[in-house]
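Here is the structure we will look at, set down as structure tokens.
The values are calculated or read from the model by the stated rules, or taken from the named source; none is laboratory data. Remember, predicted model here, so these are calculated numbers, not experimental data. Neighbour counts run over all protein chains shown; Cβ positions are idealised from the backbone, glycine included. Keep in mind that these areas ignore ligands, DNA and RNA; they rest on the heavy atoms of the full protein, side chains included. Shrake-Rupley method; radii C 1.70, N 1.55, O 1.52, S 1.80 Å.
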Amino acid sequence: MVLRIYDWLDRRFDLRPAMEKILIHPVPSWVNWLYCFGGITFFLFVLQVITGIFLMLYYVPSPDHAYASVSFISHDIQFGYLVRGMHHWTASLIVVMVVVHMLRVFWHGAYKNPRELNWVAGVFLFLLMMGFGFTGYLLPWDQKAYWATSVGTNIAGSAPIIGSFILKVIRGGTDLGAVTLVRFFTIHVMVLPAITVVFLVAHFLMIRRQGISRPF
Amino acid sequence: METKLPKGRETSQDHNGAGVSTEKLSRRKFLSYGIGGIATAIFAALAYPLAGYAVSPALRKQEEHWIAIGSIKDFKPGNPKKVDFSFRKHDGWTLVNQKSNVWVVAKGEGEFNIFSPKCTHLGCAYHWDDNQKKFMCPCHGGVFDITGKVLAGPPPRPLEKVSYRVQDGKLTVKGV
Ligand code: HEM
Ligand code: FES
């Protein structure tokens, strides 16, 4: 069925050469299961995007509604606990997978010339994942969310000289409140995903261009 | 995915430098079906709960509210009366004050026709014209008689009746 649709499109658009160029390429013989972790991370990221979009169907980023809309998702919407649970657990798992991927790259010395820039892109991806975690943690607007963000933003605020200004920029004012919640939400669902996609494309294009490194 | 290698070159090298034999082609086929199968399974395992999640509010049973709107003596036959009321109801995760109204038409002997305030065409609010003794809808000229029957205009059905109860001379209606 899928193959017949593909054939139908291929007869009209001559897709085959392009698809074969993208999908059929040699994988070096030394590649083993340890090379899976980047792909696993990417899979989890896609899962986060999907479950995140579905959470947005009911979530409202305002102090009046955030907590109640999240508990509505968990208790009143069918499979709500599942969708929220997947987003929650995958958020942690993705950090684990990014770190394992990074350790593998480090252990194999794959960051060395000529792949330095891909390591740099990777570091940005790591920071972006941290950003997702930090901004997402506030969104349920419960006690844990509020105080964790209070502590987290105060750490930024403890920087010398510009600390108090940075604190106010992050919180959107002196206090952690409605403005903080909306900006964390916007960063979480719009800003970070957009930047992440750019870095992912760069990461993958560089891998494709340079090929997978020979270990050590 | 099928490769385009000619059948005859069973063990020669292809342009990728990998040895390609008919045996390897079937291995490739096996793997691509395997990947396709796993991908389909993951997709299905995700699609089912996500679809349920998205349509779940549509599958909910509507809440029932019964609202006391006065004594049966307040309503005289031949004289439809609009009664405004409000009640508390759930709207998603919030509790809201829902304002609503019904048209009450007494039929005598404790019997009533209670009409939903929405025109059966496209939901506009209609009113009772006391001179013509008809319900008139301003939107597209729908006209109903006192029993709710369509007399003119586009409405496809008679006015919708709302359930009611009479207890100890008090009239209670189902709020929507
Ligand atoms: C969202 C996060 C990330 C995703 C989705 C991702 C994805 C991938 C994938 C699919 C590969 C192919 C090989 C493999 O999987 O091992 C790869 C390779 C690579 N990644 Fe990442 N990565 C991420 C984060 C990182 C981080 C945090 C670093 C290091 C700071 C990094 C550095 C590299 C390098 C240097 C390579 C080339 C490895 C080689 O040629 O052997 N990546 N990445
Ligand atoms: S909505 Fe009443 S006539 Fe169209």
*Give just the number: which of (1) open to solvent by 20 Å² or more (accessible area, probe 1.4 Å); (2) more than 16 Å from ligand 1 (Cβ to nearest atom); (3) among the aliphatic types (A, V, I, L, M) does residue A:138 not satisfy?*
(1)
*Using the structure shown, decide if residue A:145 is more than 16 Å from ligand 2 (Cβ to nearest atom), among the small types (Gly, Ala, Ser) and open to solvent by 20 Å² or more (accessible area, probe 1.4 Å).*
no
_Cross-chain or 6+ apart pairs with Cβ under 9 Å, the stretch B:45-66 first and at the interface with chain A (Cβ under 8 Å from one of its Cβ atoms), then of a type in the set (Ser, Thr, Tyr)_ = B:46/A:51; B:50/A:51; B:53/A:58; B:57/A:58
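Hey, can you tell me all the residues within the stretch A:97-144 that are among the acidic types (Asp, Glu) and not in a helix (DSSP H, G or I)? Step through it out loud before you land on a result.
Within the stretch A:97-144, the subset among the acidic types (Asp, Glu) is A:116, A:142.
The one that is among the acidic types (Asp, Glu) and not in a helix (DSSP H, G or I): A:142.
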_Going by what's in this entry, would residue B:94 be described as hydroxyl-bearing (Ser, Thr, Tyr), away from ligand 1 (no atom under 16 Å from the Cβ), within 14 Å of another protein chain (Cβ to nearest Cβ) and open to solvent by less than 80 Å² (accessible area, probe 1.4 Å)?_
yes
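Out of all the residues in the stretch A:6-32, which are open to solvent by less than 90 Å² (accessible area, probe 1.4 Å) and more than 9 Å from chain B (Cβ to nearest Cβ)? Before you say what the answer is, go through the steps one by one.
Filtering the stretch A:6-32 down to residues open to solvent by less than 90 Å² (accessible area, probe 1.4 Å) leaves A:6-7, A:9-10, A:15-20, A:24-26, A:28, A:30-32.
Passing the criteria: A:6, A:7, A:9, A:10, A:15, A:17, A:18, A:28, A:30, A:31, A:32.
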*asked:* Whether any residue in the stretch A:58-71 is in contact with a Lys or Arg (Cβ under 9 Å, 6 or more places away or on another chain), at the interface with another protein chain (Cβ under 10 Å from one of its Cβ atoms) and more than 16 Å from ligand 2 (Cβ to nearest atom) is what I want to check.
replied: yes
*Could you look through the stretch A:95-117, keep only residues that are hydrophobic (A, V, I, L, M, F, W, C) and within 7 Å of ligand 1 (Cβ to nearest atom), and pick out the one that is nearest to residue A:215 (Cα to Cα)?*
A:110
